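The block underneath contains the structure these notes are about, expressed in structure tokens.
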Amino acid sequence: MYLLSEIERYEDAEAIAETIKESINEPMRYKDLELQIDTSIGIAVYPTDSLVEKNLLNVADRNMYRSKNP
């Protein structure tokens with residue numbers, strides 16, 4: 001799945017990913033419960049990281065796990 005197909009620079013993708021994470025991580029209320037969701041996003045940039053789709057997915061996956069454990 002390609003969410004940001006026009007992005008060419010990591011800095012731009014990172015800024016957008018951070019905005020998405022901040023929005024998702026906002027506490028939510030459901031009835032009497034406060035729900036907290038955490039998310040991780042992995043970024044891979046074509047063609048910088050790879051020219052092959054499968055490799056791009058692998059890079060994004062590795063980067064997602066790095067973001068979980070800096």
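The values are calculated or read from the model by the stated rules, or taken from the named source; none is laboratory data. Please read all numbers here as calculations on a predicted model, not as lab measurements. Here the Cβ positions follow ideal geometry from the backbone for every residue, glycine too, while neighbour counts run over all protein chains shown. Accessible surface is based on the protein model in full, side chains and every heavy atom, while ligands, DNA and RNA are left aside. Shrake-Rupley method; radii C 1.70, N 1.55, O 1.52, S 1.80 Å.
Computed with a 1.4 Å probe over protein heavy atoms only, the accessible surface of the chain comes to 85 Å² per residue. Residue 5 sits with roughly 90 Å² accessible to a 1.4 Å probe, with DNA, RNA and ligands left out of the calculation. If the chain between residue 23 and residue 53 were fully stretched, how many nm would it gain, using 0.36 nm times the residue separation less the Cα-Cα distance? Length gained between residue 23 and residue 53: 8.0 nm. Using a simple spin-label model with pseudo-atoms 7 Å out from Cα toward Cβ, residue 62 and residue 16 lie 2.3 nm apart. Mean separation of Cα pairs under 8 Å and 6 or more residues apart, divided by the residue count, gives the chain a relative contact order of 25 percent.
When the alpha carbon coordinates of the chain are projected onto the principal axes, the ranges are 49, 22, 22 Å, largest first. Quick one: helix 53-68 against the long Cα principal axis of the chain, what's the angle to the nearest 10°, folded into 0 to 90? The angle comes out at about 40 degrees.
The trypsin sites (Lys or Arg not before Pro) found in the chain that occupy coil by DSSP, while having at most 11 further C-beta atoms within 10 Å, are 9, 31. Taking a straight Cα-Cα cut-off under 19 Å and skipping sequence neighbours fewer than 8 places away in the same chain, the lysines within cross-link reach of residue 21 are 68.
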